[in-house]
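First up is the structure itself, then whatever we jot down about it.
The values are calculated or read from the model by the stated rules, or taken from the named source; none is laboratory data. Quick caveat: nothing in here was measured; it's all calculated off a predicted structure. Here the Cβ positions follow ideal geometry from the backbone for every residue, glycine too, while neighbour counts run over all protein chains shown. Keep in mind that these areas ignore ligands, DNA and RNA; they rest on the heavy atoms of the full protein, side chains included. Shrake-Rupley method; radii C 1.70, N 1.55, O 1.52, S 1.80 Å.
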Amino acid sequence: MSVLLTGIGELVTNDPEAPGTPAADVDARLGARSAAALLVDDGRVAWVGPASAAPAADELHDVGGRAVVPGFVDSHSHLVFAGDRAREFEARMAGESYAAGGIRTTVAATRAASDDELAAGLERLASEMLRQGTTTVEVKSGYGLTVADEARSLRLARRITDETTFLGAHVVPPEFADDPDGYVDLVTGPMLAAAAPHARWIDVFCERGAFDADQARTVLAAGAAAGLRGRLHANQLGPGPGVRLAAELGLAAVDHCTYLDDADVHALRESGTVATLLPGVEFSTRQPYPDARRLLDAGVTVALASDCNPGSCFTSSLPFCLALAVREMGLTPAEALWAATAGGAAALDRHDVGVLAPGRRADLVVLDAPSHRHLAYRPGVPLVAATWQRGRRVA
């Protein structure tokens, strides 16, 4: 059944060539149009253009002057876990610093949880995301750190998304504290073999307190040999080799990118690797925010993601992260929206989401506002009036 969305106050397509009247004073890259309509058919966008020229449809849906934007694409999250680290957050707010070792607290709770408990938490967070406009989400493992627990984390994650990432190399678990290279052997051997059938990606936390560049290279090479595309956590806690390693290997994305030097920025620009920024982490850890303006001005592709996880950033709201990026990282509202939609799609090597153009998936968000600017203008306000996924309203 075809559905025509009409009465759109502002339609953001992320397609600069979209037909219709460009919205006034809006970044051209958003392809924002006024007095526009959008036709959905068989789960995909079938037509975009002026409302006055809209084709016939089986059903009309008037959004009442609200803005319509592409569904958010969250390219970095950790949703399969058990336990609670609210006390750790409270301690950070009292002045304690964030360290990678806190992950082990969640590992213990996750190992002890049943499949049903993990699935319930995963589905609750995925539902939160959907209600806040996230229509595509990447989910990592990394809180099991045994062969069986990593495989089951990814098996559960596959229930809600195809964008699953094997993160066995999150931290070295306590039982391998004296033998980190032995743990790398486990990750690249039996653990990878068990995880690969349920994963599309492989990731490494390349950071002090986690894995060094040589270990990261070893893990990523093993993943590539198993058919998994690579991504990387890097340069979150301090300067390091991770960003340049990601660029050298031609990874799809490198995430965090808080501490960068000129060589890092140059490497990102030349490689085309997406820099995924996670402003909710800096909000929750009181670390410095990445300099997004520097990256954009250098020609680096930037994505925004939530990094929803129980330790360093327990938010499922990409609209909140978008507002933080505008307030704290120097992005314009248009740049932030593009980064949270088309940028996220680029970080996941996806060409079917993040853009509202004919042939793309009909994943879209109706905002209870006349313009995309309100996402940053009204932080913390639930502005998502409706979420559509594959041409159907789901929230």
Inset, instruction - Give, as residue ranges, the strands (runs of 3 or more DSSP E) completely inside the stretch 57-150 that count at least 3 residues that are open to solvent by 20 Å² or more (accessible area, probe 1.4 Å) and closer than 26 Å to D352 by Cα. - result: 59-62
Inset, instruction - Hey, can you tell me all the residues within the stretch 19-32 that are closer than 13 Å to I8 by Cα and under 26 Å from the mean Cα position of the chain (by Cα)? - result: A32
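Results for (1) crowded, with 24+ Cβ neighbours inside 10 Å; (2) within 17 Å of the chain's Cα centre (by Cα); (3) assigned to a helix (DSSP H, G or I); (4) in contact (Cβ under 8 Å) with a residue 60 or more places away in the chain, shown as yes or no for each residue.
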| position | (1), (2), (3), (4) |
| --- | --- |
| A267 | no, no, yes, no |
| E270 | no, no, yes, no |
| A275 | yes, yes, no, no |
| G280 | yes, yes, yes, no |
| R294 | no, no, yes, no |
| A303 | yes, yes, no, yes |
| A323 | no, yes, yes, no |
| E328 | no, no, yes, no |
| L337 | yes, yes, yes, yes |
Inset, instruction - Report the residue count in the stretch 342-362 for those that are without any contact (Cβ under 8 Å) to a residue 24 or more places away in the chain and open to solvent by less than 10 Å² (accessible area, probe 1.4 Å). - result: 0
Legend entry - Number of the exception - G299 against (1) on the phi > 0 side of the Ramachandran plot; (2) open to solvent by less than 10 Å² (accessible area, probe 1.4 Å): (2)
Inset, instruction - State all residues of the stretch 151-183 that are among the β-branched types (V, I, T), open to solvent by 10 Å² or more (accessible area, probe 1.4 Å) and out of contact with any Pro (no Cβ under 9 Å at 6 or more places or on another chain); if no residue qualifies, say none. - result: I160, T161
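Sort through P173, P241 and tell me the only one that's out of contact with any strand residue (DSSP E or B) (no Cβ under 7 Å at 6 or more places or on another chain) and within 15 Å of G142 (Cβ to Cβ).
P173
Quick check, is R44 in contact (Cβ under 8 Å) with a residue 24 or more places away in the chain and farther than 30 Å from D349 by Cα? Lay out the reasoning, then the answer.
Details: in contact (Cβ under 8 Å) with a residue 24 or more places away in the chain: yes; farther than 30 Å from D349 by Cα: no.
Criteria not met by R44.
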